[in-house]
Amino acid sequence: MKEKVSPKKIVLAYSGGLDTSVILAWLKDTYGCEVIAFCADVGQKEELTGLEEKGKSTGASKVYIQDLRLEFARDFIYPAIRGSAIYEMRYLLGTSLARPLIAKAMAEVAEKEGADAFAHGATGKGNDQVRFELTFKALSPNLQIIAPWRTWEFGGRADLIEYAKKKGIPVPVTAAKPYSMDRNLMHISFEGGILEDPYNEPKEDMFVLSVSPEKAPDKPTYIELGFEKGDCVSIDGKKLNPLEVLETLNDLGGKNGIGRVDIVENRLVGIKSRGVYETPGGTILHIAHRDLESITLDRDTQHKKDELSQEFARYIYNGQWYSNQMNALRAYIDYTQQFVAGTVKVKLYKGNCTVVGRKSDKSLYNAGLSTFEKEELYNQYDAEGFINLYGLPMKEWARVRKS
């Protein structure tokens, strides 16, 4: 095995929290090299306050804070909506979608700065280590990857706090939250701590983006979403870019208690993990988009896309955004979306998002064919021959079995 060369300049995925602040100082202690802290604004809002000052005071030579919110919505969230990507039928992949974007931006900074290594704060038990590192390997295959949680001597949070105090790194004096959080434009996730017992109901004061359905308004909210080529381009007739769509729907959905999910999911590394998610805007988009497909895609295309959507979701969850198979799958999905255009009317009420109307100039729905009244376009007698041919294999199997 080739011995690793000590890096001279590292780009660190930095959030300013305890873990990455300690990692920043630890990298400088361990390798004695320059460390550039990188933070992506993907919609985490107040978590960015004071980050540049904190990063530099902790030892970073530079701190990059890039606003990637529009790119996140347009190039990652929207493709996931077009592909109906829902992992294990319930998780809408908010964190999974953000990681390849952050890693891509880090690769761009590394090239600009002449860095020879990446570092991240993902643990050896989770999925994020895979998502970061597969992207690094795809986009910057010659750069070294440093994952401190897999190599250093620290055993847990108490060790990190002690190290931070020795190094003069500010440590929050408030009590630690009884769970971990990850927020971006698509969602907010909660896991760990008191949520590790899958029978414990989350406390209401944990939630950030949504009210409880019980406290949502007693009057429903109706909205109309306009789509072109599978993308939502307007709300109630007003043209919006993908970022504005997500921000608007997060607000409307959150006020009506939309998008809460409590699940136990299967991590890539083989561990089962309980997660609680709030995804108000993403939930509305998924439901409206899938419904519009019901009138704009033919049966066989829709069924094949539904099959591939599960595979698409697994690729995203497993960090394979930049793989060859993902490129091929996305090309197929985007081809199916050419005629997914029209308007979907949605009712938001006490945690429920219900489609109550849909229309499209590209609609395959034909009332003249589907009516139960007398019509001229469909001869019901033709169904007899179809059923005889369609059922022939079953009939022959029954004949042989009984002989």
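What follows draws every value from the coordinates through simple rules; no lab data is involved. Source: prediction; values computed, not measured. For neighbour counting, all protein chains shown are included, and Cβ atoms are generated from backbone atoms with ideal geometry for every residue, glycine included.
Kirkwood hydrodynamic radius (Cα pairs, Å) of the chain?
23.7
Take the Cβ-Cβ distance between residue 328 and residue 5 as r, set R0 to 41 Å, and report the resulting FRET efficiency rounded to the nearest 0.05.
The computed FRET efficiency comes out at 0.70.
How large is the dipole of the chain about the Cα centre if only Lys and Arg carry +1 and Asp and Glu carry -1, each at its Cβ, rounded to the nearest 20 debye?
The calculated dipole for the chain is roughly 620 debye.
With a ≥ b ≥ c taken as the square roots of the eigenvalues of the C-alpha gyration tensor of segment 1-141, please select rounded if a/c is under 1.5 and otherwise prolate if a/b is larger than b/c or oblate if it is not?
prolate
If I take R0 = 45 Å and measure r between the Cβ atoms of residue 196 and residue 338 in this structure, what FRET efficiency does the formula 1/(1 + (r/R0)^6) give, to the nearest 0.05?
FRET efficiency, residue 196 to residue 338: 0.50.
For residue 347, give me every one of the aspartates and glutamates with a C-alpha distance below 15 angstrom, ignoring sequence neighbours fewer than eight places off in its own chain.
In chain and number order, the partners are 218, 224, 236, 251, 291.
To the nearest 20 Debye, how big is the dipole of segment 1-130 about its Cα centre, given +1 on the beta carbon of each Lys and Arg and -1 on that of each Asp and Glu?
Result for segment 1-130 is approximately 240 debye, rounded to the nearest 20.
Spin-label point model (7 Å from Cα, Cβ direction): what's the residue 345 to residue 367 distance in nm?
Label-label distance for residue 345 and residue 367, simple model: 1.3 nm.
Residues in segment 279-301 near a label at residue 307, defined as backbone nitrogen under 13 Å from the 7 Å Cα→Cβ point?
Counting only backbone N, you get 300-301.
Given a Förster radius of 51 Å and the C-beta distance between residue 67 and residue 394 as r, what FRET efficiency does 1/(1 + (r/R0)^6) yield to the nearest 0.05?
The calculated FRET efficiency here is 0.30.
With a cap of 13 neighbouring Cβ atoms within 10 Å, and only residues DSSP puts in a loop, list the trypsin sites (Lys or Arg not before Pro) found in segment 138-216.
Loop-located and lightly packed - 203.
Counting only Cα atoms, I'd like the Rg/Rh figure for segment 180-359, Kirkwood definition for Rh.
That ratio equals 0.98.
Could you give me the radius of gyration and the Dmax of segment 312-403, taking only the C-alpha atoms into account and expressing both in angstrom?
Values for segment 312-403 (Cα only, Rg and Dmax): 22.1, 59 Å.
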